[in-house]
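Please treat every number below as a calculation from the coordinates, not as lab data. Since the structure is predicted, the reported quantities are computational estimates derived from the model, not experimental observations. Using ideal geometry, Cβ is built from the backbone for each residue, glycine included, and neighbour counts are taken over all protein chains shown.
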Amino acid sequence: MMPTIEINHIFTNFVAIDFISNNIPDIEKFCYDLHSKDQGRSLSNVGGWQSNDINLAQCLPKLFYDIKEKLDNLYYYFEFKDEFLISMDNAWININKKNHYNLPHHHSYGLFSGVYYVKAEGKNIGDVVFLNPCVTQSVCISEHIIKTKNPFNSSSYTVTPKTGMILIFPSWMMHYTNPNETDKDRISIAFNCYIK
């Protein structure tokens, strides 16, 4: 039963989900080729391989422009000023094999961050979990009182990745990935965006 009291949604966050039908076999080949040449780095990843930053516009221009179109749409949807532009600052590749995962982290000072799944097959490939930015919310609203999860009472939001899926979210939103429990690689390209 809905109350008659006025309820205002404030300080809303989001996770935008879409699909990009790009030339996935060629993108996958690029990722594996770079992996064979680049020792990579270790940031939030536990196991797995993370590339050093790449210039997505130069390396994979079609994918870059497809992602840029979605970023522009979001920028205007959120009603930011027209005289500024959203710009992709950096991107990198992740290859996670069995039992590899990413620790909780955020992408700090950007506007939007995102991830494009080049290869993600199977329900146990490693979900991405977004945490409620209000850190005390889970203390005040414990799981045992929740009948049905909704944006007000949830302490986390989980997405099961699929090949071709793109997720875009606020850069400040804490998130992590569950371990890949399959024998297949999970390959993704992550990126950060800023305002110019």
Give me the pairs, please: first residue somewhere in segment 149-177 and touching a residue at least 24 places away in the same chain (Cβ under 8 Å) and farther than 20 Å from residue 74 by Cα, second residue anywhere and among the basic types (Lys, Arg) and assigned to a strand (DSSP E or B), beta-carbon distance under 9 Å, and either six or more positions apart or on two chains. 161/186; 163/119; 177/186
All positions within segment 8-26 that are touching a Phe, Trp or Tyr at 6+ places or on another chain (Cβ under 9 Å), more than 19 Å from residue 61 (Cα to Cα), among the aliphatic types (A, V, I, L, M) and in a loop (DSSP other than H, G, I, E, B): 15
In segment 120-153, how many residues are in contact with a strand residue (DSSP E or B) (Cβ under 8 Å, 6 or more places away or on another chain) and outside any loop (DSSP other than H, G, I, E, B)? 4
Tally time: how many residues in segment 36-58 are buried (at least 17 other Cβ atoms within 10 Å of the Cβ) and not small (Gly, Ala, Ser)? 5
Taking segment 1-39 on its own, how many of its residues are of a type in the set (Val, Ile, Thr), within 29 Å of residue 174 (Cβ to Cβ) and more than 20 Å from the chain's Cα centre (by Cα)? 2
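If I ask for residues that are part of a loop (DSSP other than H, G, I, E, B), surrounded by fewer than 19 Cβ atoms within 10 Å (Cβ to Cβ) and not charged (D, E, K, R), which ones from segment 157-178 would you list?
160, 163, 164, 171, 172, 173, 174, 178, listed by residue number.
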Collect the residues in segment 65-117 that are over 17 Å from the mean Cα position of the chain (by Cα) and of a type in the set (Lys, Arg), keeping them in residue-number order. 81, 97, 98
When you check residue 138 against the structure, is it surrounded by 15 or more Cβ atoms within 10 Å (Cβ to Cβ), free of Cβ contacts under 8 Å to residues at least 24 places away in the same chain and either closer than 15 Å to residue 188 by Cβ or of a type in the set (Gly, Ala, Ser) (or both), yes or no? yes
Mind checking which residues of segment 42-79 are outside any helix (DSSP H, G or I) and free of Cβ contacts under 8 Å to residues at least 24 places away in the same chain? 42, 78, 79
Looking at this structure, is residue 117 among the hydroxyl-bearing types (Ser, Thr, Tyr) and part of a strand (DSSP E or B)? yes
Counted residues in segment 83-110 being within 20 Å of residue 58 (Cβ to Cβ) and of a type in the set (D, E, K, R) come to 1
